[in-house]
Amino acid sequence: MNRNPKTSPLPRYVVETRRIAWAALSFWSLTIAGFLAWNIHSERRIGMEMAENEAVANINKDNAIRRWATAHGGVYVPPDENTPPNPYLSHVPDRDITAQSGKFLTLMNPAYMLRQVQERYAQLYGIKGRIVSLKPLNPVNAPDEWETKALTAFEQGSKEVLEVAQLNGKPHLRLMQPFVTEAGCLKCHGQQGYHVGDIRGGIEVSVPLEPYYGTLLRSIKLLGISHGSTWLIGAIGIRLVFRRSIRHAREREDARKALELSRKRFQTVADYAMEWDYWRNPDGSLNFVSPSCKNFSGYSPQELYADPGLFDEIVHPEDRALWHEHVHQADSNGQPSPIEFRIIDKQGDTHWISHVCRSVFDDEGNFIGVRATHIDIGRRKRVEEELQRINATLEQRVQEELALNREKDLMLVQQTRLAAMGEMIHNIAHQWRQPLNALSIILGNIVDDYDYHELSREILAERVAQAHRLIQRMSSTIDDFRDSFRPDRQ
């Protein structure tokens, strides 16, 4: 049947379990997302470190070439269309020379040589290198906007400038280090007013980041797949745990409802029972007292809960020894026989009580208390007293009749006995109520033993024997009354 959320809300245990499952899933998702973000950050950092290392390696290579050329004052090469005589070195003596072989040579100073090496390297490997200056001898070495900022930073004391910047519309890692004027540099740049130690410009390397970004993107995809798979496995696990928790919670809820229903049924039976039932713990405290106790004793269950010893106090002083002996038998894990005693209620009136109890054990056989039932037998006691009074009266009348005229016709005596017998038979019914009540209690004990899974063959035999004794007693009563009216008896 479909559930209508407006009229049939979800059970509380489902809502609570679902809330915990969502919290677990959120925590798991945040954890995986955190690990994914951290790993992406690590991959990005590693990629940038690799690009930076490549830039540093290339700039170190360029510096090594430049310093070698500076140490040798430059190199002479045959001029061609790619390496014409440098017009910006016309002031340098011996810019152009003729070798002994008659071959014409032109001077390539360190900057000229390094620029051509950087251009060839960029064509081969894509990593661009430049030498720039705020006062360039060759206009080709004039800086762009980013290089101008870097050269300005060198004049303010910076030793290196590293930054990700756009170059020709593409991301590059640009690294620049300062050119410090050395003695070999003055050959070509002395006329510009430089001195040894001055910042003459900078040497730059620009590493393309697209290959690194491509590698990073592939790594991110792999990380996304691995972390997504891990998240999915965890989510499936959370769902399985959620469904199992729902099943267990439903079982617990069903058990709780069944227990609550059983408790309500027991409470209803106890509240409306005419008998006075109670359950006493081994330490003397009361585990349960039926509300009917107030009808018997005048004391409420709450008063007996607060003072369990009150029960001993309301037992009639003449019957306390019998009562204490009976309690001792029950606490010794025995199954004492039913007893009858008197109690004095809260108003001071005396009542006759029929008491039946038995020891209670848990599933492991441990003694956990005594359960007892009280029945008010005051009416039966009054009937018995009336029966005794009638018997005494009848006996007295018979004796008087016999004393006045023993010689009278026995038929008259027999008629008198028959008349008395009619009255006494009327009272036999009342006298039978006591064994009938005891039989009812025995049957109740058999049912309780069965309900508590304690009905052994021995206990059943004992209960049946008790019932047989009561039946024999009732049969003996009939025989006694029958023999009392035999014609041949005196």
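The values are calculated or read from the model by the stated rules, or taken from the named source; none is laboratory data. If you're wondering where the values come from, they're calculated on a predicted model, not measured in any experiment. As a convention, Cβ positions derive from the backbone with ideal geometry for all residues, glycine included, and neighbour counts pool all protein chains shown. For the accessible areas, the whole protein counts, side chains as well, though only heavy atoms, and no ligand, DNA or RNA atoms are used. Shrake-Rupley method; radii C 1.70, N 1.55, O 1.52, S 1.80 Å.
Could you grab me the full set of residues in region 274-287 that are open to solvent by less than 30 Å² (accessible area, probe 1.4 Å) and aromatic (Phe, Trp, Tyr)? It would help to see each step written out before you state the result.
First pass over region 274-287, keeping only residues open to solvent by less than 30 Å² (accessible area, probe 1.4 Å): 276-278, 284.
Correct list: TRP276, TYR278.
Across region 345-367, what is the total count of residues that are buried (at least 17 other Cβ atoms within 10 Å of the Cβ) and farther than 16 Å from SER297 by Cβ? Walk me through it before giving the result.
Restricting attention to region 345-367, the residues satisfying the condition of being buried (at least 17 other Cβ atoms within 10 Å of the Cβ) are 351-360.
Now restrict to residues that are farther than 16 Å from SER297 by Cβ: 356-360.
Selection size over region 345-367: 5.
Taking interchain pairs and intrachain pairs at least six residues apart, which have beta carbon atoms under 9 angstrom, with the first residue in region 8-22 and touching a residue at least 12 places away in the same chain (Cβ under 8 Å) and the second of a type in the set (A, V, I, L, M) and surrounded by fewer than 14 Cβ atoms within 10 Å (Cβ to Cβ)?
From residues that are touching a residue at least 12 places away in the same chain (Cβ under 8 Å), the pairs are ARG18/LEU10.
For region 322-333, state whether one or more residues are free of Cβ contacts under 8 Å to residues at least 40 places away in the same chain and within 17 Å of TYR452 (Cα to Cα).
yes
If the requirement is being closer than 30 Å to VAL15 by Cα and open to solvent by 20 Å² or more (accessible area, probe 1.4 Å), which of these qualifies: ARG342, ARG320, ARG247?
Working: ARG342 fails: closer than 30 Å to VAL15 by Cα; ARG320 fails: closer than 30 Å to VAL15 by Cα.
The conditions single out ARG247.
Name the residues in region 328-339 that are open to solvent by 70 Å² or more (accessible area, probe 1.4 Å) and either charged (D, E, K, R) or in a helix (DSSP H, G or I) (or both), would you?
Answer for region 328-339, where residues must be open to solvent by 70 Å² or more (accessible area, probe 1.4 Å) and either charged (D, E, K, R) or in a helix (DSSP H, G or I) (or both): HIS328, GLN329.
I'm trying to understand the selection: among the residues of region 108-140, which are out of contact with any strand residue (DSSP E or B) (no Cβ under 6 Å at 6 or more places or on another chain) and outside any helix (DSSP H, G or I)?
If the condition is that a residue be out of contact with any strand residue (DSSP E or B) (no Cβ under 6 Å at 6 or more places or on another chain) and outside any helix (DSSP H, G or I), then ASN109, LEU134, LYS135, PRO136, LEU137, ASN138 are the ones that fit.
In region 305-327, how many residues are assigned to a helix (DSSP H, G or I) and touching a strand residue (DSSP E or B) at 6+ places or on another chain (Cβ under 7 Å)?
Qualifying residue count, region 305-327: 6.
Kindly indicate the residue of region 154-186 that is open to solvent by less than 20 Å² (accessible area, probe 1.4 Å) and more than 17 Å from SER206 (Cα to Cα) and also modelled with the highest pLDDT among those meeting that condition.
Among them, the one singled out is PHE154.
Filter region 452-467 down to residues that are of a type in the set (Asp, Glu) and in a loop (DSSP other than H, G, I, E, B), then give me how many there are.
1
Looking only at region 195-212, which residues are at pLDDT 65 or above, open to solvent by 20 Å² or more (accessible area, probe 1.4 Å) and touching a strand residue (DSSP E or B) at 6+ places or on another chain (Cβ under 7 Å)?
Within region 195-212, ILE199, ARG200, PRO208, GLU210 qualify.
In the set PRO85, PRO143, which member is assigned to a loop (DSSP other than H, G, I, E, B), buried (at least 20 other Cβ atoms within 10 Å of the Cβ) and modelled with pLDDT of 85 or more?
That would be PRO143, the only listed residue that is assigned to a loop (DSSP other than H, G, I, E, B), buried (at least 20 other Cβ atoms within 10 Å of the Cβ) and modelled with pLDDT of 85 or more.
Table: residues versus (1) assigned to a helix (DSSP H, G or I); (2) at pLDDT below 90.
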| position | (1), (2) |
| --- | --- |
| TRP38 | yes, no |
| ALA69 | yes, yes |
| ILE97 | no, yes |
| SER101 | no, yes |
